[in-house]
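Colleague: What follows is a single structure, and I will ask about it in a moment.
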Amino acid sequence: MKERGLLIVISGPSGAGKGTICSELRKEMPNLVYSVSMTTRDPRVGEKEGINYFFRTKEQFEELLAQGDFLEYAKVYDNYYGTPKAHVMDLLDEGKHVILEIDIQGAMQVKDAFSDGVFIYIVPPSLSVLSNRLNGRGTDAQDVINKRLSLASSELALAHRYDYIVVNDILDEAVEKVASILRAEACKISRNKEKIQDIYKQYMTKE
Ligand code: ADP
Ligand code: 5GP
C-alpha cells in the first residue's frame, strides 16, 4: 500500500503571491498536484477552464453543493469557490501531494476534516506592497481591489490557526521556505509508518 500524499492548504490575502509561489513550487517538486477549484466568478483575461478554475453558474454550483460534491466551499467576495472532492481524494490515495489554494473559511473546514493536513499562510511584507501587487497584476477593477485590501487585515488576524507563515518578499526565498516545509512534513514519522516497517523488516532479515 502506498503512503497517502500530503494535503497542503495554502491561504493568504488575494495578491499575496499564492498562485505565483505554487507554480514555482510545482517546477521544483514534480510530485505536487494543484487542485483546480470551481468558482462562480467570471474568468479573468487569460484564465482557462479546467486549468485555473472550473467556471460554473451559481445554479450549477449550488446543485453540486447539494449533492455533497465539495471537500470544502466558501463564498468569497460575493462568489462561490469550492474544491471538488472526488479528484483530491483519488490523488491523495495515489500518494500524490495535493495543494489547495483556498481562503481561510475553506481552510478551516479542511482542518476540521483533515487534522494531518499542512496549513500554510502566505503574507506580503506589507499592506502597501499588497496594494502595489494587486494594482500591478492588472486583473481586477479598483472596487474589487479595495474590497480585497480591506479584507486582508481582518483575515491576517486568523493566521494563527495555520501551522506555518511565510512572508512573500523575495519570491525565490518564499518558494524555498514552502518547499522546505513540505520536505520536512513528508519526513514526519507519523506519515511514514509503511516505510519504517519495510526498513525494520530489512534490518531484521539481515545476517
Ligand atoms: P495570489 O495568487 O495570492 O492572489 P498572485 O500570485 O497572483 O497572488 O500575485 C499577485 C501579483 O504579485 C502578481 O502580479 C505576481 O506576479 C506578483 N508577485 C507575486 N509574488 C511576488 C514577489 N515576491 N515579488 C514581486 N511580485 C510578486
Ligand atoms: P481569486 O478570485 O483571486 O482567484 O480568488 C479569490 C479567493 O478565493 C482567494 O483567497 C482564493 O484562495 C480563494 N479560493 C480559490 N479557490 C477556492 C476554493 O476552492 N475554496 C475556497 N474556500 N476558497 C478558494
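The values are calculated or read from the model by the stated rules, or taken from the named source; none is laboratory data. This is a predicted model, so every value here is computed, not measured. Cβ coordinates were reconstructed from backbone atoms using ideal geometry, including for glycine residues, and neighbour counts include every protein chain displayed. Quick note on the areas: whole protein, heavy atoms, side chains included, nothing else; ligands and nucleic acids left out. Shrake-Rupley method; radii C 1.70, N 1.55, O 1.52, S 1.80 Å.
One line per residue, one yes/no per condition, for (1) in contact with a Ser or Thr (Cβ under 8 Å, 6 or more places away or on another chain); (2) open to solvent by 30 Å² or more (accessible area, probe 1.4 Å); (3) closer than 17 Å to residue 162 by Cβ; (4) hydrophobic (A, V, I, L, M, F, W, C):
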residue	(1), (2), (3), (4)
72	yes, no, yes, no
75	no, yes, no, no
79	yes, yes, no, no
96	no, yes, no, no
102	yes, no, yes, yes
105	no, yes, yes, no
108	no, no, yes, yes
112	no, yes, yes, no
118	no, no, yes, yes
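Colleague: Where residues in the stretch 126-153 are farther than 20 Å from residue 41 by Cβ and open to solvent by less than 60 Å² (accessible area, probe 1.4 Å), which of them is nearest to ligand 2 (Cβ to nearest atom)?
Modeller: Checking each candidate, the answer is 131.
Colleague: What's the total number of residues in the stretch 1-23 that are more than 16 Å from ligand 2 (Cβ to nearest atom), of a type outside the set (Gly, Ala, Ser) and crowded, with 16+ Cβ neighbours inside 10 Å?
Modeller: Residues in the stretch 1-23 being more than 16 Å from ligand 2 (Cβ to nearest atom), of a type outside the set (Gly, Ala, Ser) and crowded, with 16+ Cβ neighbours inside 10 Å: 2 in total.
Colleague: Additional query: Give me the helices (runs of 4 or more DSSP H) completely within the stretch 115-207, filtered to those with at least 3 residues that are of a type outside the set (S, T, N, Q) and under 23 Å from residue 9 (Cβ atoms), ordered by residue number.
Modeller: Details: elements: 127-137, 142-156, 171-186, 193-205.
Result: 127-137, 142-156, 171-186.
Colleague: Kindly check whether there is at least one residue in the stretch 73-89 that is more than 10 Å from ligand 2 (Cβ to nearest atom), among the small types (Gly, Ala, Ser) and on the phi < 0 side of the Ramachandran plot.
Modeller: Within the stretch 73-89, one or more residues are more than 10 Å from ligand 2 (Cβ to nearest atom), among the small types (Gly, Ala, Ser) and on the phi < 0 side of the Ramachandran plot.
Colleague: Working carefully through the options 41, 26, find the one that is within 14 Å of the chain's Cα centre (by Cα), charged (D, E, K, R) and surrounded by fewer than 18 Cβ atoms within 10 Å (Cβ to Cβ).
Modeller: Every option except 26 fails the conditions.
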